[in-house]
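Rule-based calculations on the coordinates, nothing more; no lab input. The shown structure was predicted, so the numbers you read here are calculated from the model rather than taken from an experiment. Note that we place each Cβ from the backbone using ideal geometry, even for glycine, and neighbour counts take in every protein chain shown.
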Amino acid sequence: MTTPRASVRRAPILVALVLTALAAAAAPRVAREMPDFEVYYRAGTRARHAEDLYRAEDGHYQHKYLPVFAVVAAPLTFLPLRTAKVVWFFASVAALGLLVAASLALLPAPRVRPWVLATLTTMAMAKFFAHELTLGQCNSFLALCVVAAMASLRRKRQARAGGWIAASAVVKPYTLVLLPYLFVTRRWRALAAGALAVAAALVIPAAIYGFGGNLRQLGDWLATITETTAPNLLNQDNVSVWAMYAKWFGIGRLAGFLAIGTIAGLFGLVAALVREGPGLARPEYLEMAALMLLVPLLSPQGWDYGLLAGTPAVMLFLDRFRDLPRPVRLVGGAGVAVMSLSIFDLMGRAAYARFMATSAVTVCALVLLGTLAVMRARRLA
């Protein structure tokens, strides 16, 4: 007889096998694309030779990550570009499979059969998974690091949790939003370990560039992020709250004021979720799922594929769906459906551009966040 624990282990294996089969079929075509990976490859090559990472002549495909990311990417540049793409592609597929598996394994008291939940979650996130792989992006690794931090917190391995959060910040620094969460929840060792690891990551490139050269690279990174933010707010794939208001009201003070107010409200909501957590079994799952969902919404350059970090939030919603009030099921279900089914290939270029200009995906993500708040208020998670 199959035990529930065995089902939890086997369900992600089935999903992983399906993902691997699809990936093997798609790899030759995708490897010809992956433009974002080419950015990492170029930055890694420059880091190997202690060259400047941030150059205006790179245009839209400027390197916008921390200098340490280029150092981490450098070993891949010993491979030919096409081979490196294939390695990165299958590593990303593995990370996505592990993300689903770990989210399922950590889910507190699941209501839905594991294989059903893993399949539904993968289907709901397939759009974002596919976009991630086609671009050769790195959000799968970021999300997996945060889930690993969640697992470490559950096992009371705080220093390890802080290290995983720092690792996610090496991928993209927006996950530093998790450090205040460690402060609020009084995970002091995790906070100290995370802060020290982040500081170390900032210093690591000095081994290549020297102390002064590393400071110059950090300054160039900050300048690049600052200079490229405003032009990207109106990009159709930008799903941040900054972009939402810029699309609705134009780039200016009103949009900025509304975005800041919304972000403050979202932080207040997360604080309320944490405040209501004591007494619940494994409250950190919902709290960190909410924070992961927030990462692409808070970043001024948060692209739609970054919403794959919302995998734990979507899984939790699907699992608790039948326990939610009917209006929440309808609104939340519609939000997840719109997020999942708004696919370029189905809608066509013109319709998709008009749809994304409404920031409907951002609104749906905020609705999903609201369902998490309802779950916490009703003590469902």
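Structure summary
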quantity: Lysine-lysine proximity count for the chain, Cα under 28 Å, sequence distance 8 or more or distinct chains; calculated: 10
quantity: Sorted by Cβ neighbour density within 10 Å, fewest at the top, the residues T122, T224, T358; calculated: T358, T224, T122
quantity: For the chain, calculated [θ]222 nm from helices alone, where every DSSP H run of n ≥ 4 adds -39500 (n - 2.57); calculated: -24000 deg cm²/dmol
quantity: Extreme residue, positive dipole direction of the stretch 4-377, given options A151, L98, L196 (C-beta unit charges); calculated: A151
quantity: Selection from A313, L266, W115, by position along the positive dipole direction of the chain (Cβ); calculated: W115
quantity: Relative contact order (percent, whole number), the stretch 235-343, Cα cutoff 8 Å, 6+ residue spacing; calculated: 28
quantity: Helix runs (DSSP H) in the chain reaching 24 Å along axis by Cα, Kyte-Doolittle at least 1.6; calculated: 81-106, 253-275, 360-377
quantity: Sorted peptide list for 258-264, 101-107, 288-294, criterion being average Cβ within 10 angstrom, highest first; calculated: 288-294, 101-107, 258-264
quantity: Computed label-point distance, nm, for sites R82 and F211 using a 7 Å Cα→Cβ extension; calculated: 4.6
quantity: Alpha-carbon centroid distance for the pair the stretch 189-221 / the stretch 278-310, whole angstrom; calculated: 25
quantity: Choice from A169, A272, A351 showing the highest fluctuation, given a GNM over the chain with Cα pairs closer than 10 Å; calculated: A351
quantity: For the chain, size of Cβ-based charge dipole, Lys and Arg +1, Asp and Glu -1, in debye; calculated: 1440
quantity: Cα centroid separation - the stretch 61-115 against the stretch 317-381, whole Å; calculated: 25
quantity: Qualifying trypsin sites (Lys or Arg not before Pro) for the stretch 31-62 [loop in DSSP, other Cβ within 10 Å: at most 13]; calculated: R32
quantity: Simple label model, 7 Å out from Cα along Cβ direction - R275 to A357, nm; calculated: 4.1
quantity: Answer label for Rg/Rh (Cα atoms, Kirkwood Rh) (calculated), chosen among (i) 0.98; (ii) 0.95; (iii) 1.10; calculated: (ii)
quantity: Label zone at R155, where the point sits 7 Å out along the Cα-to-Cβ direction: the stretch 102-131 residues whose backbone N lies under 18 Å; calculated: 102-108
